[in-house]
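Participant: What follows is a structure written as structure tokens; I'll ask about it next.
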Amino acid sequence: MNKIMIGDHLVGEGEPTFIIAEAGSNHDGEIEKVKKLIDIAADAGVDAVKFQAFKADKLFNTEEIVKKLKKIEFKEDWYQEIFEYAHSKGIILLFSVFDEKSVDILSNYDMSAYKIASYELLHFPLLEEIIKKNKPIILSTGMANQLEVEKVINWIKSRGYDQIMVMHCVSQYPAQIEDVNLKSITALKEYNMPVGFSDHTLGIYASIAAVAMGSNIIEKHFTISRSMDGPDHSYSLEPSELKEMVKGIRQVDKMLGVEEILPSKYEVNQRHSRRAIYAKNDIEMGKVFEKDDLIILRPSPIDCLLPEEVDNIIGKMASKQIKKGDLLKEDLIK
């Protein structure tokens, strides 16, 4: 798999899950709430916090909707202060971008990657502008079928660009459990790039399960409080829940291991607790071993004969006198 750097984090197979706390527009148009959300994300231990950079009049052709969205735009004169604030908290600041102007403005700051929301997946002019910035692209695939996903990936690669990460996403707010289809993560792995899950379900279980399914990136909405007004608060995690999700994901990271069947370090030292072959009775030298002469017991010291050797022992002779309870070894058999 092609691994990609986001800031100082390597993202891809075998690396710790890259966790993005999606603040979206849950700042409600207030810079102090932006800072509070960054504080919450940093305290939870995520790798990045993400907001949305859009111009309302470039999103919708409906005056009423534009008027509402204007109130929750991320203000241009916030950028410098907020990038510096996020840096002071040791957290990467990311943005979903929805128009070319926002891409250009953000290129003046320390952007580690650009996020493309599901609704913009086929917005090729926007993607063209991002490619020019030579930064990784995180693509959400909500509403898309496989042909559309392949079309976008192939189109980006045709520009000689391969810094792409692709996110399984269900564009439903909140997403229903029966619609999540986490096996899409396995299908997306076929594109040989970091794969993630943008989680819109209620609670933390889908995100943790996605990591177990092989997701390299998790993006999850969070808020200061679900009781606040605004379009995204109601299905977002509260601070304690975000912290619990991060804890669960980090535990799963440690559990995943490698794609190989092998004992753990602890188990290697427990192999002596397996069974070995012992003498069930006193056995005279020269006696032909019968099944009733043997018993299989624990432990299995070094140089013992394991139970799998029983059929090879029966019919052979004892080379020495063996006492009941003695461990059978190769030098006792001929």
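The values are calculated or read from the model by the stated rules, or taken from the named source; none is laboratory data. Computed from a predicted structure; not experimentally measured. Neighbour counts are summed over all protein chains in view; Cβ atoms, including those assigned to glycine, are modelled from backbone coordinates with ideal geometry. Side chains included, ligands, DNA and RNA excluded: accessible areas come from the protein's heavy atoms. Shrake-Rupley method; radii C 1.70, N 1.55, O 1.52, S 1.80 Å.
Participant: Could you please report the charge total around Ala276, scoring K, R as +1 and D, E as -1 over all other residues with beta-carbon less than 10 angstrom from its beta-carbon?
Facilitator: Once positives and negatives cancel, what remains is +2.
Participant: Continuing with the same structure: In the neighborhood of Tyr266, defined by Cβ-to-Cβ distances under 15 Å, what is the net charge if each Lys or Arg adds +1 and each Asp or Glu adds -1?
Facilitator: +3
Participant: Pick out, in residue order, every one of the GluC sites (Glu not before Pro) in the range 178-267 that is DSSP loop and has at most 14 other C-beta atoms within 10 Å; say none if there are none.
Facilitator: Glu259, Glu260
Participant: Let me ask something else about it. Using bins 10 angstrom wide from zero, how does P(r) for the chain break down, in % of all Cα pairs?
Facilitator: Over the chain, the share of Cα pairs per 10 Å bin runs 5, 22, 26, 14, 6, 8, 9, 7, 3, 1, 0 percent.
Participant: In the range 146-207, which trypsin sites (Lys or Arg not before Pro) are in a loop and have at most 14 other Cβ atoms within 10 Å, using DSSP for the loop call?
Facilitator: Arg159, Lys183
Participant: Quick one: accessible surface of His123, probe radius 1.4 Å, all protein chains present, in square angstrom to the nearest 10.
Facilitator: Roll a 1.4 Å probe over it and His123 shows about 50 Å².
Participant: Mind checking the per residue accessible area of the chain for me, 1.4 Å probe, whole number of Å²?
Facilitator: I get 52 Å² per residue for this part.
Participant: OK, next. By the scheme Lys and Arg +1, Asp and Glu -1, what is the net charge of all other residues having a beta-carbon under 9 Å from that of Asp104?
Facilitator: Around Asp104, the surrounding residues sum to 0.
Participant: Using the crude model of +1 on Lys and Arg Cβ and -1 on Asp and Glu Cβ, and no other charge, please compute the dipole size for the range 257-316 relative to its Cα centre, in debye to 20.
Facilitator: Magnitude of the dipole: close to 220 debye.
Participant: Can you give the angle from 0 to 90° between the axis of helix 239-256 and the longest principal axis of the chain, with both taken from C-alpha atoms, to the nearest 10?
Facilitator: 40
Participant: Now, a different point. With a 1.4 Å probe and all protein chains in place, put Thr62, Thr141 in order of accessible area, largest first.
Facilitator: My answer, sorted largest first, is Thr62, Thr141.
Participant: Angle check, please: helix 31-44 long axis (alpha carbons) against the longest principal axis of the chain (alpha carbons), in degrees 0 to 90, nearest 10.
Facilitator: 0
Participant: Please report the carbon-and-sulfur percent of the accessible area for the chain; probe 1.4 Å, protein heavy atoms only, DNA, RNA and ligands left out.
Facilitator: Its accessible area is 50 percent carbon and sulfur atoms.
Participant: I want to check the label-to-label distance for Asp77 and Asp104. Put each point 7 Å from Cα in the C-beta direction and report it in nm to one decimal.
Facilitator: 2.1
Participant: So, one more: Under 26 Å from the Cα of Lys265, which lysines turn up, not counting those fewer than eight places away in the same chain?
Facilitator: Partners found: Lys247, Lys254.
Participant: When the dipole is taken about the Cα centre of the chain, and only Lys, Arg (+1) and Asp, Glu (-1) are charged at their Cβ, what size is it in debye, to the nearest 20?
Facilitator: 880
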